[in-house]
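Asks: To start, I am sharing the structure in question, which I have written as structure tokens.
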Amino acid sequence: MRLAERKEGPVTVVSLLGRLDAAGSRLLEPWMAAFVARGETRLVLDCSAMTYISSAGLRGVLVGAQACRKAGGSLALAALDSHCRAVLQASGLLLVLDCHDTVEAALAAPGDGAHPETRFDRPGSTRGPPITIGECREETAVVLAPAGRLDGVGAPTLEAKVSAVVGDGGVSVVLDCAGMTYVSSAGLRALLQCARLCRQRGGNLHIAAMNAECLAVLNMSGFHSVIDCHESRDAALAALS
């Protein structure tokens with residue numbers, strides 16, 4: 001994998017040349033971290049010369065997208081060939097990453113990194129009541145029990161709750177999702193942000209008892225590879241003990 005960088009106004013376009021596999025991801029991830037660290041948060045990855053992408057490459061792109069969004073920017077993919085697009089489609093990441101047919105289309109798109117909530121909505125689905133979050137303390141962790149829809153409305157509520165719980169650090173969190181009925185792209189990003197926050201402050205975040213529909217969304221997106229999931233609250237607590 002080789003990287004070629006150019007500026008297009010406020011946007012940095014990076015051409016990915018070759019295979020984005022484990023070795024390529026080890027090159028791309030620190031580059032994207034440095035990119036965000038210097039305050040440039042609008043990034044387009046030109047994939048027209050990318051010939052292959054592996055699971056490690058998918059994780060590298062996802063980490064970069066999260067870093068850009070956390071800094072208030074955006075990451076978009078452009079000009080994927082049919083094989084690489086099929087890999088992203090199969091992983092579910094096309095649901096949570098901005099992807100455009102051409103670099104020009106990516107440059108013309110809004111730069112806020114937002115994703116429409118309707119991407120995970122079913123036709124005719126109705127918005128339920130806002131999410132509520134129960135809390136109890138166990139020996140090894142704080143258990144938070146989100147109930148309702150984890151969507152664009154509920155996501156900030158969950159992030160704020162986890163931030164308050166972990167405080168100055170050293171606290172692990174179990175999300176008992178038995179009462180959670182739905183998760184959207186914004187909800188997925190909130191789960192990743194909460195996991196990152198816990199790790200940054202010396203703890204961990206584990207998910208427990210997620211229903212089959214929500215778990216399928218998590219698996220399709222590839223997020224299960226970076227968030228620990230368990231069948232029950234007890235199993236999650238045992239993993240943290």
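The values are calculated or read from the model by the stated rules, or taken from the named source; none is laboratory data. Computed from a predicted structure; not experimentally measured. Please note: Cβ atoms are built from the backbone with ideal geometry, for glycine as well, and neighbour counts cover all protein chains shown.
Asks: Across the stretch 188-202, what is the total count of residues that are touching a residue at least 60 places away in the same chain (Cβ under 8 Å) and either in contact with a strand residue (DSSP E or B) (Cβ under 9 Å, 6 or more places away or on another chain) or among the small types (Gly, Ala, Ser) (or both)? Show your work before the answer.
Replies: Filtering the stretch 188-202 for residues touching a residue at least 60 places away in the same chain (Cβ under 8 Å) gives 188-189, 192-193, 196.
Checking the rest, the ones that are also either in contact with a strand residue (DSSP E or B) (Cβ under 9 Å, 6 or more places away or on another chain) or among the small types (Gly, Ala, Ser) (or both) come to 188, 196.
Qualifying residue count for the region: 2.
Asks: With Ser184, Ser172 as the choices, which residue is in contact with a Gly (Cβ under 7 Å, 6 or more places away or on another chain) and within 29 Å of Asp98 (Cβ to Cβ)? Spell out how you get there, then give the answer.
Replies: Details: Ser172 fails: within 29 Å of Asp98 (Cβ to Cβ).
Going through Ser184, Ser172 in turn, just one is in contact with a Gly (Cβ under 7 Å, 6 or more places away or on another chain) and within 29 Å of Asp98 (Cβ to Cβ): Ser184.
Asks: Taking the stretch 135-186 as the search range and keeping residues that are of a type outside the set (Gly, Ala, Ser) and without any contact (Cβ under 8 Å) to a residue 12 or more places away in the chain, which one is surrounded by the most Cβ atoms within 10 Å (Cβ to Cβ)?
Replies: Restricting attention to the stretch 135-186, the residues satisfying the condition of being of a type outside the set (Gly, Ala, Ser) are 135-140, 142-144, 146, 149-151, 153, 156-159, 161-162, 165-166, 168, 171, 173-177, 180-183.
Still in the list and also without any contact (Cβ under 8 Å) to a residue 12 or more places away in the chain: 136-137.
Details: Cys136: 12, Arg137: 10.
Filtering the stretch 135-186 for residues that are of a type outside the set (Gly, Ala, Ser) and without any contact (Cβ under 8 Å) to a residue 12 or more places away in the chain, the one surrounded by the most Cβ atoms within 10 Å (Cβ to Cβ) comes out as Cys136.
Asks: Also: Among the residues of the stretch 63-78, write down those that are buried (at least 22 other Cβ atoms within 10 Å of the Cβ) and under 16 Å from Arg26 (Cβ atoms).
Replies: Hit for the stretch 63-78 is Gly64, nothing else.
Asks: Pull up the stretch 209-238, narrow it to residues that are more than 25 Å from Ala56 (Cα to Cα) and of a type in the set (Gly, Ala, Ser), then point me to the one that is surrounded by the fewest Cβ atoms within 10 Å (Cβ to Cβ).
Replies: Ala212
Asks: Within the group Gly124, Gly113, which residue is within 22 Å of Phe35 (Cα to Cα) and modelled with pLDDT under 90? Lay out the reasoning, then the answer.
Replies: Details: Gly124 fails: within 22 Å of Phe35 (Cα to Cα).
It is Gly113.
Asks: Mind counting the residues in the stretch 29-66 that are in contact with a Gly (Cβ under 9 Å, 6 or more places away or on another chain) and either among the hydrophobic types (A, V, I, L, M, F, W, C) or in the same structural domain as Val226 (by TED's automatic domain parsing) (or both)?
Replies: Keep residues of the stretch 29-66 that are in contact with a Gly (Cβ under 9 Å, 6 or more places away or on another chain), which gives 29, 31-33, 35-36, 40-43, 45, 49-60, 62, 65.
Those still in the list that are either among the hydrophobic types (A, V, I, L, M, F, W, C) or in the same structural domain as Val226 (by TED's automatic domain parsing) (or both) too: 31-33, 35-36, 43, 45, 49-50, 53, 56, 58, 62, 65.
Residues flagged as in contact with a Gly (Cβ under 9 Å, 6 or more places away or on another chain) and either among the hydrophobic types (A, V, I, L, M, F, W, C) or in the same structural domain as Val226 (by TED's automatic domain parsing) (or both) within the stretch 29-66 amount to 14.
Asks: Right, next: Would a scan of the stretch 202-216 turn up a residue that is at pLDDT below 90, out of contact with any Ser or Thr (no Cβ under 8 Å at 6 or more places or on another chain), hydrophobic (A, V, I, L, M, F, W, C) and not in a helix (DSSP H, G or I)?
Replies: Within the stretch 202-216, not a single residue is at pLDDT below 90, out of contact with any Ser or Thr (no Cβ under 8 Å at 6 or more places or on another chain), hydrophobic (A, V, I, L, M, F, W, C) and not in a helix (DSSP H, G or I).
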